[in-house]
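Here's the structure we're looking at; comments come further down.
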Amino acid sequence: MDRIVFTDLDGTLLDINSYEASGAGQALEYLESKHIPVIPCTSKTHREVIQLRNILNMKHPFIVENGSAIFLPKKYFPDLSSPSEEKDGYDYVLLGKTYDSILSFLKGIQTTFNMDIQGFHEMSVEEIARHTHLTINEARQAKKRFFSEPYILHQKTDDLNAVAEYCTQNGFRLLRGNRFFHLIGATDKGKAVRHLTDLYLQKTGRETLQTIGIGDSMNDLQMLEAVTVPVLVQKPDGSYQQGIDLSNLYYAKGIGPVGWNEAILSLL
């Protein structure tokens, strides 16, 4: 094994509305035939990703809640030197904060900046389904957070930069995704990608690996910076995310999973 594919999910491997990966089917089959790991790197929870892995027959590690934790199938890295814990039958390496710490700090932000915030923990499953277009069962899984909290800001504010800086000073990060803001620990997708790449290097005994990263938004910037081949797929309107200016960036010819499919087959 000399290649790894890291991928965002919503809007990238998965269609932003249907959450299906059918447009990327040919590339996924190709990667499976070549034994090239496909590593989800997402804001989703580990239970959401486990369900997706079962549907797409994925067998490799995955990165959840915007780089907060890396989940590993049992005995995937037999000589794992990093401290790990266990949850739902998987080992995991925690890079961010626990959920209790996240919620406590979020309440502090609300008070300090007088912000009208509604987190997932305050929403019903039906509300989450309505905001995300997930099914009720999928929304129920999305609500069960472990290392981060998505939230809605109900009024515009000029203090977002100040809030982000406040988070950074206190060991947290504020992210803006496709649908929600996210509060996480002092980590990101790039940190998780580099950590997992190092584990693969230890496992294979290789000095280098070709790493491909595929995303669609600013939330994927750190992941794209951490790989050797960054790829940007088109948004639903056919545009590309502005502000991602990497010299070797590959612009996929297609929206979401269709662009994902084109990029993999063209690059590999």
Could you go through region 26-47 and let me know if any residue there is of a type in the set (Lys, Arg) and within 25 Å of Glu225 (Cβ to Cβ).
yes
Contact list, first residue from region 50-79 and among the polar types (S, T, N, Q), second anywhere and assigned to a strand (DSSP E or B) and surrounded by 12 or more Cβ atoms within 10 Å (Cβ to Cβ), beta-carbon distance below 7 Å, six or more apart or interchain, is Asn66/Leu175; Asn66/His182; Asn66/Ile184; Ser68/Ile184; Ser68/Gly185
Residue set Gly89, Gly108, Gly25; condition open to solvent by 30 Å² or more (accessible area, probe 1.4 Å) and more than 24 Å from Gly190 (Cβ to Cβ); output residue Gly89
- Within region 148-156, is there a residue that is within 21 Å of Lys189 (Cβ to Cβ) and in contact (Cβ under 8 Å) with a residue 60 or more places away in the chain? yes
Asp159: passes all of (1) open to solvent by less than 60 Å² (accessible area, probe 1.4 Å); (2) more than 21 Å from the chain's Cα centre (by Cα) but (1)
Residue pairs within 6 Å by beta carbon, gap of at least six or interchain, first lying in region 221-232 and in contact (Cβ under 8 Å) with a residue 24 or more places away in the chain, second open to solvent by 10 Å² or more (accessible area, probe 1.4 Å) and among the basic types (Lys, Arg), listed first then second, are Ala226/Arg194
If we ask which residues in region 254-265 are surrounded by 19 or more Cβ atoms within 10 Å (Cβ to Cβ) and either of a type in the set (Ser, Thr, Tyr) or outside any strand (DSSP E or B) (or both), their number turns out to be 8
Only one of (1) modelled with pLDDT under 95; (2) over 18 Å from the mean Cα position of the chain (by Cα); (3) surrounded by 13 or more Cβ atoms within 10 Å (Cβ to Cβ); (4) not charged (D, E, K, R) does not apply to Ser101, and that is (1)
Of the residues in region 237-265 that are hydroxyl-bearing (Ser, Thr, Tyr) and free of Cβ contacts under 8 Å to residues at least 12 places away in the same chain, the one that is farthest from Asp216 (Cα to Cα) is Ser247
Result of the Cβ filter at 7 Å on region 83-105, keeping first residues that are more than 14 Å from Arg145 (Cα to Cα) and touching a residue at least 60 places away in the same chain (Cβ under 8 Å) and partners that are of a type in the set (S, T, N, Q) and surrounded by 19 or more Cβ atoms within 10 Å (Cβ to Cβ), at least 6 apart or interchain, is Leu95/Ser68; Leu95/Thr187
Exactly one of Asp10, Asp88 is of a type in the set (Asp, Glu), under 15 Å from the mean Cα position of the chain (by Cα) and closer than 22 Å to Ala139 by Cα, and that residue is Asp10
Subset of region 58-81, residues acidic (Asp, Glu) and crowded, with 21+ Cβ neighbours inside 10 Å, comes to Glu65
Contact list, first residue from region 112-124 and more than 23 Å from Glu165 (Cα to Cα) and open to solvent by 50 Å² or more (accessible area, probe 1.4 Å), second anywhere and assigned to a helix (DSSP H, G or I) and not charged (D, E, K, R), beta-carbon distance below 7 Å, six or more apart or interchain, is His121/Leu103
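Among the residues of region 1-20, what is the count of those that are part of a loop (DSSP other than H, G, I, E, B) and touching a residue at least 40 places away in the same chain (Cβ under 8 Å)?
Final tally of qualifying residues: 12.
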Here the residues within region 32-45 that are more than 19 Å from Arg179 (Cα to Cα), in contact (Cβ under 8 Å) with a residue 12 or more places away in the chain and not charged (D, E, K, R) are His35, Ile36, Pro37, Val38, Ile39
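The values are calculated or read from the model by the stated rules, or taken from the named source; none is laboratory data. Bear in mind that the values here come from a model prediction, so they are computed numbers and not experimental data. Neighbour counts run over all protein chains shown; Cβ positions are idealised from the backbone, glycine included. Accessible surface is based on the protein model in full, side chains and every heavy atom, while ligands, DNA and RNA are left aside. Shrake-Rupley method; radii C 1.70, N 1.55, O 1.52, S 1.80 Å.
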